[in-house]
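For reference, the structure is listed below as structure tokens.
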Amino acid sequence: MKRIFFTLSLLMLLIATATAQYFPVDTARLNGAYRTLVSGNRTVETEMEFLRAFPSTWLEFYMTYGYVDDENYDPSMAQQCSEHISTLFSLSSVNDTLFCKKIVNLAVGMKEVGECTSLFQDYLVAYILNNDQLMLEYISKLKKGYRMEFWQFCWSSVTECCRADDFKKLYNRNKKRFPEEMKISRIAFHYFYEGINYPTLFPAKKEAYSRKYDGGSYEYLYNDYLKGNEY
């Protein structure tokens, strides 16, 4: 009897695990910190709590706010993404260096895929333009690969935007003070501004595969990047 009970319990656990959503951050903590700030309770402590609870890497961000077109998927976090981002950039009492580190590390490797990433990019670039000395000093201390990934996200554009004007402002203001950083930024702008078309990271429907799958390879993953490619 004990063996049967153990087997049933294990089966139920496996089913629950297979169907559950996994969030790499504590969403209860994050939402609680958000509600505290929205209620008007803004102190150094409450703002720092939200900053700490907010995702710290691109993977954490995507797994927290990414939307999956599935009837069993809970979209509540995806629906709060824009409000959480605007709240993040409204923090006024936290340490500037800590905030700078948070948003830079979050942006390294980030892709403009529509999961609120374009909104984050808008806020990020605006923050850089208003705090260029602080941001560039921190970014310039990172390994050059991370610095390139950061600028790739800043200047990437899959829709019409004003990134060209933003780049010119930042570059002209800092090409003498931070020549090496502006060189990396310029290279990233050259290749990523109007130079990308990110495919869907998780195609929602099987047809997305069958239209491109040739029966023998996964070449479609590369074809998605070709000029003029149509789904």
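Results, tabulated for the structure shown:
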| item | result |
| --- | --- |
| Test result for residue 105, modelled with pLDDT of 95 or more, closer than 19 Å to residue 64 by Cα, surrounded by fewer than 19 Cβ atoms within 10 Å (Cβ to Cβ) and of a type in the set (S, T, N, Q) | yes |
| Matching option when the condition is of a type in the set (A, V, I, L, M, F, W, C), assigned to a helix (DSSP H, G or I) and at pLDDT below 90, among 6, 61 | 6 |
| Hits in the range 138-149 (condition: surrounded by 12 or more Cβ atoms within 10 Å (Cβ to Cβ), touching a residue at least 40 places away in the same chain (Cβ under 8 Å) and not aliphatic (A, V, I, L, M)) | 138, 140, 149 |
| Any hit, the range 30-53, residues being within 19 Å of the chain's Cα centre (by Cα) and either within 15 Å of residue 117 (Cβ to Cβ) or not in a helix (DSSP H, G or I) (or both) | no |
| Candidate set from the range 22-53 (those that are modelled with pLDDT under 95 and surrounded by 15 or more Cβ atoms within 10 Å (Cβ to Cβ)); member that is farthest from residue 87 (Cα to Cα) | 23 |
| Qualifying positions in the range 96-126 - within 16 Å of residue 193 (Cα to Cα), in a helix (DSSP H, G or I) and of a type in the set (Val, Ile, Thr) | 117, 125 |
| Any hit, the range 67-87, residues being open to solvent by 30 Å² or more (accessible area, probe 1.4 Å) and touching a Cys at 6+ places or on another chain (Cβ under 7 Å) | yes |
| Flag for residue 110 being surrounded by 12 or more Cβ atoms within 10 Å (Cβ to Cβ) and at pLDDT 95 or above | no |
| Index of the failed condition, residue 56 passing every other in (1) assigned to a helix (DSSP H, G or I); (2) open to solvent by less than 50 Å² (accessible area, probe 1.4 Å); (3) hydroxyl-bearing (Ser, Thr, Tyr) | (1) |
| Residue tally, condition in contact with a Leu (Cβ under 9 Å, 6 or more places away or on another chain) and either over 12 Å from residue 125 (Cα atoms) or buried (at least 18 other Cβ atoms within 10 Å of the Cβ) (or both), over the range 150-188 | 12 |
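The values are calculated or read from the model by the stated rules, or taken from the named source; none is laboratory data. Computed from a predicted structure; not experimentally measured. Glycine gets a Cβ as well: all are built from the backbone with ideal geometry, and neighbour counts include every protein chain shown. What goes into the accessible areas is simple: the full protein's heavy atoms, side chains included, and nothing from ligands, DNA or RNA. Shrake-Rupley method; radii C 1.70, N 1.55, O 1.52, S 1.80 Å.
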